[in-house]
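Asks: The following block contains the structure, expressed as structure tokens.
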């Protein structure tokens, strides 16, 4: 299995693992890691030395630092301090994990192979550069739900990258895996370019032109009485060239270039809180004035439960940091509505509150005591049953969370003293609540918890001849709940479900999926009628109309709502396994181009071939 076909591997960079001497060895030999010098070489895939390469190593704080730089012959030396591994990722190179050619390597070696580079520029319709636009680059054919990551010292995932344009509208992504890339403006799926990045070369430069000319946006920020607000921070969400502006003494702000359309405008000020407005930006110029709401001033202090100061207190309001002095005093403003306030300090349980701002000043003292804990056990848990636990309280919140282990044991730590409601929820939708009184700095044990019993839901999965299908996978879905079951050697399955209507789907390999509706009511057991599954038919073919590097999305949808996603290959072919008899709509989609075809699968079919074609791109309108 290679690094490019594995999803979720966390480290593409070359790592040299070095085992430090143990404390016992140091005491026995009298040699510490500080007396050891390590040497190695950096070279390319052909064994040629690479000079001037920075060699990185981690620190105890987990931040990497440069430990050495390779010399003219690629060699490096540094005093070994017990920290490992080593890594290297200079611009234009990627770690080479292929087997070494020729004779066995001698000593520590870091081998690199040439990478590719993707760069370009974003301009508006008038040709002016656009700053702050987010651009994405993805290697064609890569699953976007996972990435192949590189070690610190490298600029990011080797098969994808994301970044903002600079003041000249330029972007550049270094040290990428060679191949075809899809490059697009993040907030506009129509702005797409494709480039082939070859090893050791930069791809042809990309020019992305925004569809409209940018428009100046300006206005004035005033308070509830109409007086100007100086020093307010004004920002625009979405695709914005100028991300932030500050109001002057007259309350005025200005963005020289903003994309036309509906924009979210946010105004923040320490004494006036937050104002959010939706602005319709249109040429040739847009003016929008903002009146700040009458803010609520909140002030107070962060203290211990005995009223004494605490060390290094911090405060967040709606997850944004708020300044706190060394004595724990704070002062901030809130816009009307409900807000979350969280105070923290080292070795203290956090104090989390919800406060409602209605205009009147609020005095708020936050108490941080020594953290307590809650421990207990949930009885009669089924194998692999998921259970989450949390705490609730009418006036406070707690971020303490835990999960029960295989024996049902759990522990919630970092809990503030006081009365709490312990809430346990399992994957079947059941909930248990218990009242718990937590003492400062102590662990509180709760009596054994037990979920209420659920009725059994039983059934059987059979093939077309009535033989059992062992190992068939079944899922039961109801709104946000999903419960899994597996058929035994006789094709039988049993699970337990809460009351309601559930959608059952059976999908063993080699057979077409089957669906059924299961109604559970009043705790009575349910016997599901036998599920007879048709043998699966593989649908395959080619996809025409693709440019080099383009990989479309293909799916098949049945008349009863079932759907299956296609498996795509880089040679422009697709395959959809295990479709059942009936009429299917097969759709191929690439960006905004889409075409569909109706396919009839007969019961006697073993395989069906249908060639697809991506719809042609729409021709631009005259004069565009």
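Since every read-out is calculated from the coordinates, none of them should be taken as a lab result. Being a predicted model, the structure only gives us computed values, none of them experimental. Cβ coordinates were reconstructed from backbone atoms using ideal geometry, including for glycine residues, and neighbour counts include every protein chain displayed.
Asks: How many angstrom separate the Cα center of the stretch 415-475 from the Cα center of the stretch 583-601?
Replies: 42 Å
Asks: Kindly identify the chain as rounded, prolate or oblate by the Cα gyration tensor criterion: order the square roots of the eigenvalues as a ≥ b ≥ c, call it rounded if a/c is under 1.5, otherwise compare a/b with b/c, prolate if a/b is larger, else oblate.
Replies: Note, shape of the chain comes out rounded.
Asks: Take the alpha-carbon centre of the stretch 518-543, take the same for the stretch 325-403, and report the distance between them in whole Å.
Replies: Cα centroid of the stretch 518-543 versus Cα centroid of the stretch 325-403: 45 Å apart.
Asks: Sort 500-506, 546-552 by the packing proxy (mean of other Cβ within 10 Å over each peptide's residues), most packed first. Intermediate results must be reported in sequence, preceding the final value.
Replies: Details: 500-506: 17.7, 546-552: 15.3.
Ranking, from highest mean packing down: 500-506, 546-552.
Asks: With an 8 Å Cα cut-off and a minimum separation of 6 or more residues, compute the relative contact order for the stretch 372-445 in percent.
Replies: Reported as a whole number, the value is 39 percent.
Asks: Calculated from DSSP H runs of 4 or more alone, at -39500 (n - 2.57) each and per residue, what is the 222 nm mean residue ellipticity of the chain, nearest 500? Could the numbers behind the result be given before it?
Replies: Numbers: 1 runs with 7 residues, N = 624.
The per-residue figure over the chain is -500 deg cm²/dmol.
Asks: Further, regarding this structure: Using Cα pairs closer than 8 Å and at least 6 residues apart in sequence, work out the relative contact order for the stretch 194-347, in percent.
Replies: The normalised contact order for the stretch 194-347 reaches 20 percent.
Asks: According to the square roots a ≥ b ≥ c of the eigenvalues of the Cα gyration tensor, what is the shape class of the stretch 509-624, taking rounded for a/c under 1.5, prolate for a/b larger than b/c otherwise, and oblate for the remainder?
Replies: Taking the square roots of the gyration eigenvalues as a ≥ b ≥ c, the stretch 509-624 is prolate.
Asks: If packing is taken as the average count of other Cβ atoms within 10 Å, what order do 297-304, 519-526 fall into, highest mean first?
Replies: In decreasing order of mean packing, 297-304, 519-526 become 297-304, 519-526.
Asks: Let me check against my output: what whole-number percent is the relative contact order of the chain, with C-alpha pairs under 8 Å and at least 6 apart?
Replies: Here the relative contact order equals 7 percent.
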